[in-house]
Amino acid sequence: MNNSAANTGRVLWAGLRALLVLTVICGVVYPLAVTGIAQVAFPGKANGSEITSEGKVVGSALIGQTYNLPLKDGEETPTPDLKWFQPRPSNGLGTNSVNTQYSIILSGATNRSGDNEDLITWVKDAKAAVVKDNSTADHTVRPSDVPADAVTSSGSGLDPHISPEYAKLQVHRVAEKNDLPVARVDKLVADHTDDRILGFIGEPRVNVLQLNIALRQLVAEKG
């Protein structure tokens with residue numbers, strides 16, 4: 001009986017020591033080492049790919065934002081603030097402007113098939129809104145001009161980028177709303193268009209937050 005109790009005690013003590021050692025290694029040493037290496041080698045990415053403007057963190061380069069007007073009495077859905085470049089549609093973005101914090105409500109796709117009636121209605125309504133919002137006195141947007149990313153959300157619903165085609169489609173409207181030359185706003189889009197990664201991975205893209213920060217600076221310079 002005594003030998004059995006002693007053996008049990010040794011096994012329990014060995015297990016406890018293993019638990020303590022592995023907890024220190026896996027729960028303390030390893031996370032601290034990985035965090036330290038990340039902070040030295042990739043400080044920007046390790047801290048969330050933060051984007052700053054005027055000394056303040058205004059968002060992340062990896063998460064999209066919306067640019068809406070404040071809700072009016074009786075409104076349930078905010079109206080886009082058309083002086084800013086607009087992102088892809090998404091139900092996973094909180095309400096914010098270019099210089100405020102935002103909240104992520106959810107992330108995910110609609111999971112609706114291409115022939116789903118609700119999805120078809122949403123896309124048609126979004127397309128009509130894009131045509132209406134981006135047509136100006138001297139520039140008419142045609143339905144055939146509207147790219148897919150202007151009327152569909154990404155798989156996560158949080159894509160921070162839009163296609164160069166969608167950004168250029170918004171140029172006339174943004175120029176008119178901010179009293180800027182169309183050519184200057186068009187150049188702003190070109191300057192903020194990122195090419196394919198390594199020249200062949202993915203598609204050209206425009207980060208909407210970075211573009212809107214540059215737009216705000218351009219408007220400030222004009223004033």
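For this structure, a couple of remarks:
Residues are listed down the side, and each one gets a yes or a no for (1) of a type in the set (Ser, Thr, Tyr); (2) farther than 19 Å from residue 68 by Cβ; (3) not in a helix (DSSP H, G or I):
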{"position": "141", "(1), (2), (3)": "no, yes, yes"}
{"position": "158", "(1), (2), (3)": "no, no, yes"}
{"position": "165", "(1), (2), (3)": "no, yes, no"}
{"position": "179", "(1), (2), (3)": "no, yes, yes"}
{"position": "186", "(1), (2), (3)": "no, yes, no"}
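- Among (1) touching a Gly at 6+ places or on another chain (Cβ under 9 Å); (2) in a strand (DSSP E or B); (3) not aromatic (Phe, Trp, Tyr) - the single one residue 64 does not satisfy: (2)
- Pick from the stretch 17-70, criterion charged (D, E, K, R) and over 15 Å from residue 210 (Cβ atoms), ranking: farthest from the chain's Cα centre (by Cα): 17
- Among the residues of the stretch 147-186, those that are over 17 Å from residue 80 (Cα atoms) and among the β-branched types (Val, Ile, Thr) comprise 182, 185.
- Sole residue being in the same structural domain as residue 135 (by TED's automatic domain parsing) and either free of Cβ contacts under 8 Å to residues at least 40 places away in the same chain or out of contact with any helix residue (DSSP H, G or I) (no Cβ under 8 Å at 6 or more places or on another chain) (or both), chosen from 196, 173, 205: 196
- Here residue 107 meets each of (1) modelled with pLDDT under 90; (2) in contact with a Phe, Trp or Tyr (Cβ under 7 Å, 6 or more places away or on another chain) with one exception, condition (2).
- Meets criteria (at pLDDT below 95 and under 17 Å from residue 209 (Cα atoms)) for residue 123: no
The values are calculated or read from the model by the stated rules, or taken from the named source; none is laboratory data. This one's a predicted model, so the numbers in the text were calculated from it and none came from an experiment. Reconstructed Cβ throughout: ideal geometry from the backbone, glycine too, with neighbour counts over all protein chains shown.
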